[in-house]
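Q: Mind having a look at this structure? Questions to follow.
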Amino acid sequence: MANKNDAKILKTVTGKLLQTHLKEGTLIPGEEISIRIDQTLTQDATGTMAFLESEALGIDKPQTELSVSYIDHNTLKQDFKNADDHVYLQSIAAKYGLYLSKAGNGICHQVHLERFARPGKTLLGSDSHTPTSGGIGALAIGAGGLDVAQAMGGRLFKLKTPTVVGVKLTGHLKPMVAAKDIILEVLRRIGVKGGVGKVLEYFGPAIPHLTVPQRATITNMGAETGATTSVFPSDEQTKTFMDSVGRSNEWSELKADDDVEYDEIIEINLSKVIPLIAKPHSPGNVVPVTEVEGTKVNQVCIGSCTNSSFEDLVTAAYMLKGKRVKQNLSLTISPGSMSVYYALAKHGYLADLIGAGARILECTCGPCIGQGQAPKTDAVSIRTFNRNFKGRSGTKSAQVYLSSVQTAVACALTGVISDPREMGELREIPMPQHLRMKTALMVPPMEEEDRKEIEVIHGPNIKPIQCMEEMPGTLEGETLLKLEDDITTDHIMPAGVYLSLRSNVPEYAKHVFEPVDPTFHDRAKEKNGGFIIGGENYGQGSSREHAALCPSYLKIKAIIVKSFARIHLANLVNFGILPLTFKNQTDYDRCDQGDKLSINTTNLSGEIFLKNETKKIDIPVKTPLTEKDIEILKVGGMISYIRKYNK
């Protein structure tokens, strides 16, 4: 399929991965393509809905090489709801022939990196931090649950060919400067919108000195730039890591051509990188640690899918050994996997952490998604996580900062934000030659013959998918809400205490936009739906499709913004909400909450005007969709489309 137009991209690691999986289209930036997916992953916060969608579509077994269902987000089981979800997921895994990673086995991205991710493979996951596996040389992309369900059922995954940004790394990291500081430096340069429509591909003379856990930290948090994914080459460091987890036979080399040309280049001299920190309330609000040094700290949390590897936690243990955290401060540690937890115990590092006053939490996402450890009112919390959106911690007034493990431990020991370089140098972390994979909480697929008698168990909180109605020729309604830039999926559909409602759309929909406007649900019901106006990067953050599914349930007809985040845009199409962007961004100022709006939908491929009936003006808008997307929207979303056309 290659031609002169896509020859340049084929010299990149990204292009090689795309080309070997390309089924439709050509690799021209911005052009739509379809690729084959080798592996899928889901997690319990998105997986329950993904499998309900699979049932609705008649998918009853994976057509992929490997599909894994992880339970890692909500494991507290405060009542029957999550327990029922987990039983449902366990019965689905048994019926469909999936791997099941049970609660406590670890965070999906860390476990997948250790056990399943392979160089040269494609991975589609219903979690926005799926690009973690790009650290091992896979093309790993986050998507909505419905897209993952379809990929599991053998359908191709559609995306626009990204531009490939080469991130050239030179030099060497100095003592107490971490891989987390590298990705924070990338975010400092390009922000939370700078990666949209792009893949960040890392290359350069510093690459051989970065371990796979370090690379995974970088690719994981690359999601915060809006990038489609991030990727490293597969080299000797990759081989060393795969040897350590007992998968040396799955290693293969994957690298860019010597004469590779990137669409853009970002060059970072690691010798000049310093400890950085993301201030509240955005991962892109990055400054040197020294700029906020001395700020009193109330809580430190180490872990999440970004920094919970054995290497990360041994770093913390080395810094804490023989010392004690400040008494007026809480320090928590969340191991990324049961295998990491076991290795910490086996090699004595767990004792160092506990002895210093750290609280050891379960191997789950935990505080990162607002599941426990909410800070006190007005607290300063230092976290090695990837997101610090306002209220995500569970406390609206909390000031959450994102840092490296080294900076976080320095804060825990001093009680104030501190430059870790003041703590002295950290001796080299001794990695075990073999990181033993613990299997007690990993359930392999059943044989097909044994799956026939398995019953899928639906608890009372699990409600079936409801198909949306066909789109009428004219959409009419009121502007229910006008929003600013960078509205996240946490703003649209809060997680935390509401995770137990993910399989119950009517109940979860009661909390749509609750962090922004607690009256939204009641107003939407009273007005029989309506419109939403937003700014740039609308829908950034999590891949949670509920941020489209629940507004669709409330009959939100269209969302008109300056620009959309990639995954959320796809989710809106899947659930029948018309996404539009202003042709002239200044027209954002010509719409206000309460205005009556209408849109003629008969020709969405041509000129489209948003009629502001209240102000009696016509506003030119456009749709960032393909003809196929429009066709899907017209029939009420993807499930209706597949049912109607059986394709």
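Please treat every number below as a calculation from the coordinates, not as lab data. Everything quoted here is computed from the prediction, not taken from an experiment. With ideal geometry, Cβ positions are generated from the backbone for all residues, glycine too; neighbour counts draw on all protein chains shown.
Q: In whole angstrom, note down how far apart the Cα centers of the range 300-316 and the range 359-375 are.
A: 13
Q: Kindly flag which residue pairs out of Lys198/Lys279; Lys16/Lys622; Lys8/Lys583; Lys23/Lys198; Lys510/Lys616 have an alpha-carbon separation exceeding 29 Å in this structure.
A: Where the Cα-Cα span goes over 29 Å, the pairs concerned are Lys16/Lys622; Lys8/Lys583; Lys510/Lys616.
Q: I'd like the orientation of helix 212-221 relative to the chain: the angle between its Cα long axis and the longest Cα principal axis, in ° from 0 to 90, rounded to 10.
A: Result, in degrees: 30.
Q: Right, something else. Counting only C-alpha contacts under 8 Å and six or more residues apart, can you give the relative contact order of the range 474-645 as a whole percent?
A: 23
Q: Given the peptides 571-577, 11-17, arrange them by the average over their residues of other C-beta atoms within 10 Å, most packed first.
A: Averaged packing, sorted descending, gives the order 571-577, 11-17.
Q: To continue, here is another question. Convex hull volume of the Cα atoms in the range 474-645, per residue, in Å³?
A: 105
Q: What list do you get for His73, His434 if you sort them by fewest beta carbons within 10 Å?
A: Least crowded to most crowded, the residues run His434, His73.
Q: Still on this structure, please answer the following. Using the Karplus curve 6.51 cos²θ - 1.76 cosθ + 1.60 with θ = phi - 60°, what ³J(HN,Hα) values do you get for each residue of the range 390-401, in whole Hz, with x for Gly and Pro?
A: Per residue, the Karplus-derived 3J(HN,Hα) values read 4, x, 4, 6, x, 10, 4, 8, 5, 10, 9, 10 Hz.
Q: Calculate the length of the line joining the C-alpha centroid of the range 49-94 to that of the range 219-289, in whole Å.
A: The range 49-94 and the range 219-289 have Cα centres separated by 31 Å.
Q: What percent does the relative contact order of the range 276-423 come to when contacts are Cα pairs within less than 8 Å and at least six residues apart?
A: 35
Q: How high is the relative contact order of the range 9-272? Use alpha-carbon pairs under 8 Å, at least six apart in sequence, and give a whole percent.
A: 24
Q: Compare the peptides 62-72, 77-87 by average per-residue count of other Cβ atoms within 10 angstrom and give them in order, highest first.
A: Taking the mean over residues of other Cβ atoms within 10 Å, the ranking is 62-72, 77-87.
Q: I've got another one for you. If you take the square roots of the eigenvalues of the alpha-carbon gyration tensor of the range 9-272 and sort them as a ≥ b ≥ c, do you get rounded (a/c under 1.5), prolate (a/b over b/c) or oblate?
A: Here the range 9-272 falls in the prolate category.
Q: Determine, for each peptide in 132-142, 49-59, 20-30, 169-179, the mean count of other beta carbons within 10 angstrom over its residues, then list the peptides with the highest first.
A: Peptide ranking by packing, descending: 132-142, 49-59, 169-179, 20-30.
Q: Please list 3J(HN,Hα) in residue order for the range 553-559, calculated via the Karplus relation 6.51 cos²θ - 1.76 cosθ + 1.60 where θ = phi - 60°; whole Hz, with x for glycine and proline.
A: Each residue of the range 553-559 in turn: 4, 7, 6, 5, 8, 8, 10 Hz.
Q: As a check on your grasp of the helix formula, calculate [θ] at 222 nm for the chain: sum -39500 (n - 2.57) over DSSP H runs of n ≥ 4, divide by the residue count, round to the nearest 500.
A: -7500 deg cm²/dmol
Q: Only four residue types carry charge here, +1 at the Cβ of Lys and Arg and -1 at the Cβ of Asp and Glu. Report the dipole size of the range 9-272 about the Cα centre in Debye, rounded to the nearest 20.
A: 260
Q: Convert each backbone phi in the range 285-290 into a coupling constant with the Karplus relation 6.51 cos²θ - 1.76 cosθ + 1.60 (shift: θ = phi - 60°), then list the ³J(HN,Hα) values in order as whole Hz, x for Gly and Pro.
A: Whole-Hz 3J(HN,Hα) from phi for the range 285-290: 8, 9, 9, x, 4, 4.
Q: I would also like to ask the following. Rounded, prolate or oblate: which one fits the range 215-260, using the alpha carbon gyration tensor with axes a ≥ b ≥ c (rounded when a/c is under 1.5, else prolate when a/b beats b/c, else oblate)?
A: It comes out oblate by the Cα gyration axes.
Q: Pull up the DSSP beta bridges for the range 277-379 and report the antiparallel fraction as a percent, rounded to 5.
A: For the range 277-379, the DSSP antiparallel bridge percentage is about 25.
Q: Would you please name the GluC sites (Glu not before Pro) within the range 570-647 that are DSSP coil residues with at most 12 other C-beta atoms within 10 Å of their C-beta?
A: Glu607, Glu613
Q: Between the range 112-149 and the range 16-48, how many Å separate their Cα centres?
A: When both Cα centres are located, 10 Å separates them.
Q: Still on this structure: Answer rounded, prolate or oblate for the range 110-185, using the Cα gyration tensor with square roots of eigenvalues a ≥ b ≥ c: rounded when a/c is under 1.5, else prolate when a/b is larger than b/c, else oblate.
A: Judged from the Cα gyration tensor, the range 110-185 comes out prolate (a/c at least 1.5, a/b above b/c).
Q: Work from the charge dipole of the range 1-100 (Cβ charges, +1 for Lys and Arg, -1 for Asp and Glu, about the Cα centre) and give the residue of Tyr99, Val13, Gly58 farthest towards its positive end.
A: Val13
Q: Rounding to the nearest 20 debye, state how big the charge dipole of the range 606-647 is about its Cα centre with +1 on each Lys and Arg Cβ and -1 on each Asp and Glu Cβ.
A: In total the dipole reaches around 180 debye.
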